[in-house]
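Read the structure below first, then the notes.
All of the numbers you see were taken from the coordinates with simple rules; none came from a lab. The structure displayed is predicted, hence computed values, not measured ones. Don't worry about glycine lacking a Cβ; one is built from the backbone with ideal geometry, like all the others, and counts go over all protein chains shown.
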Amino acid sequence: MARDKAALLHLNLTDSLAGMIVPIVAWGFAILVMTEFMKEVPKELEEAARLDGAGELRVFWSVVLPTVYPLAFSDPPLLNAAGVHEPLALRTLVRLEIGDVVAWGEGRGDALPPDVVPALEAELLGLDVFATSRIESAISAVLRRLRPDLGAQARLVTFAPIEVAALDGQGKLLGRPVSELLGGRLRDSVDYSAYLFFKWGGHIGADDDEWGAALDPDGIVAQAKRLIDRYGFRSIKLKAGALHPDVEVESILALAEEFPGLPLRIDPNGAWRHDTALDVARRLDGVLEYLEDPVLGIDGMSRIHAESGLPLATNMCVVETEHILPAVRSDAVQILLSDHHYWGGLRRTKELAAICEATNMGVSMHSNSHLGVSLAAMTHVAAAIPNLAYTCDTHFPWNRAAFTDALPRY
């Protein structure tokens, strides 16, 4: 349990990040590998979660074997504005071999379309792992040729896990942490928030899971206590937009009473009408650290901020560079929640943070369902962002159950 706390509360970067894999292995996470690869699973997974630059300087820096693995892991019935999480969450692992170094990246389940994976693997073969601009150009060329329907944003989503794997490989070749490849860490620990969800006791047709149901303020407070007792979180985020706004407001007020002094946020994923959002803002004025995506769109967010005065955060209305200027001009967003999975990798996330600093926006980090490789990558880039002023989001504690068999390869 002490290793769990080290992994999820602070992820202390002064030591190896190998401790992060302990919860993965102990919880039976579904990092599933082909039969012939099975003997290497524990070692390879530890390397995947570390991203800490361990290893000697190597002579051969060309990518000799790029491989893409789709995978699935169990996800609880967490409720949000779109409905409920499905029983399995999908992710993509990217594995690069550079000499005898193995490097890893993790992306969204749709990060690498199956119909382009063989061409991408062939294109990456032999490229210098340090030439990330060339790697990105090669990826873009393949996608433009084979999937002209995909735009620039989709190309960034595809590049992101490959860039993480390339940086992991660079760090291992040079014997330096990935955070140092991003300019150096500015903090030795990165805080993550307790991410609370209204949830069913179990998926339809299945037994209740170990967390049980949370469908009212008492259930949310009990969930928060368990997360904080287990991991030591020092801030709280509640996913809203799932139940009646009154229940969600009452849940925040119950959390404020139970955990005085802890920063609180609420995120309905843009599900509320303008009048509902203003009512929530009024009732939670002085209680919230910030209100995340109460309504959809830059114009709607601008109106809510102008009428309520509450700081607003987003990972929904500013998701591309072209959205930043309109959001700044209309004062629609005060905190931008970055996400390297769709902004195009760790270096672009650093660039985004610099834009936020120049435009007077705060910066933190968004999360969706992810595994240890992404958590390590998020932690390294967060450690290197000068203006990171808020605790980051993570779904990591929810990813518990196993999905066993063999990992297919595209």
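Where does the charge balance sit around Glu351 when Lys and Arg score +1, Asp and Glu -1, over other residues with C-beta under 14 Å from its C-beta? Could you put the intermediate results ahead of the total?
Values: positive: Arg347, Arg348, Lys350; negative: Glu136, Glu163, Glu320, Asp339, Glu357.
With Lys, Arg at +1 and Asp, Glu at -1, the neighbours total -2.
Between Leu146 and Ala222, what FRET efficiency comes out of the Förster formula 1/(1 + (r/R0)^6) with R0 = 60 Å and r the beta carbon distance, rounded to 0.05?
0.75
Determine the gain in length on full extension of the stretch Ala213-Arg283; use 0.36 nm per residue of separation and subtract their C-alpha separation, reporting nm with one decimal. Don't jump to the answer; show the numbers that get you there.
Details: separation 70, 0.36 × 70 = 25.20 nm, distance 2.59 nm.
22.6 nm is the gain from fully extending Ala213 to Arg283.
Under the rule of at least 5 residues apart or a separate chain, name every residue whose amide H is placed under 5 Å from the amide H of Ile98.
Val64, Ala103
What net charge is computed for the residues neighbouring Pro326, neighbours being all others with C-beta under 12 Å from the C-beta of Pro326, Lys and Arg scored +1, Asp and Glu -1?
Result for the local shell: -3.
Please find the FRET efficiency linking Glu351 to His244, where r is the Cβ-Cβ separation and R0 is fixed at 60 Å, and quote it to the nearest 0.05. Provide the component values of the computation, followed by the final result.
Details: r = 40 Å, r/R0 = 0.67.
Approximately 0.90, to the nearest 0.05.
Quick check: net charge around Ile266, other residues with Cβ under 12 Å of its Cβ, Lys/Arg +1 and Asp/Glu -1?
Charge balance near Ile266 sits at -2.
Taking neighbour counts of Cβ atoms within 10 Å as a proxy for exposure, in what order, fewest first, do Arg134, Arg108 appear? Walk me through the intermediate numbers first.
Working: Arg134 11, Arg108 21.
Arranged by neighbour count, lowest to highest, Arg134, Arg108 become Arg134, Arg108.
Percentage of Cα-Cα pair distances in segment 98-144 greater than 18 Å, rounded to whole percent?
32 percent
Quick check: convex hull of the Cα atoms in segment 294-357, volume per residue, rounded to a whole Å³? The partial results should precede the final answer.
Details: hull volume 4.6 nm³, N = 64.
Spelled out: Cα convex hull of segment 294-357, divided by residues, is 73 Å³.
Expressed in nm to one decimal, what extension gain is obtained for the pair Asp100 and Arg230 from 0.36 nm per residue of sequence separation less their Cα-Cα distance?
The span from Asp100 to Arg230 would gain 43.0 nm if fully extended.
If we count other beta carbons within 10 Å of each Cβ, what is the order of Asp128, Asp168, Asp279, fewest first?
On the way: Asp128 13, Asp168 31, Asp279 16.
Final ranking by Cβ density, sparse to dense: Asp128, Asp279, Asp168.
Compute from the Cα atoms of segment 85-209 the Rg and the Dmax, the latter being the longest Cα-Cα distance, and quote both in angstrom.
Using the Cα atoms of segment 85-209, the pair Rg, Dmax is 18.0, 50 Å.
Which residues in segment 350-382 place their backbone N less than 15 Å from a point set 7 Å from the Cα of Leu325 along the Cα-to-Cβ direction?
Backbone N within reach: 359.
Radius of gyration and Dmax for segment 161-245's Cα atoms, expressed in Å?
Cα radius of gyration and Dmax of segment 161-245 are 19.1, 53 Å respectively.
Could you list Asp149, Asp293, Asp188 in order of exposure, starting from the residue whose Cβ has the fewest other Cβ atoms within 10 Å?
Going from least to most buried by this count: Asp149, Asp188, Asp293.
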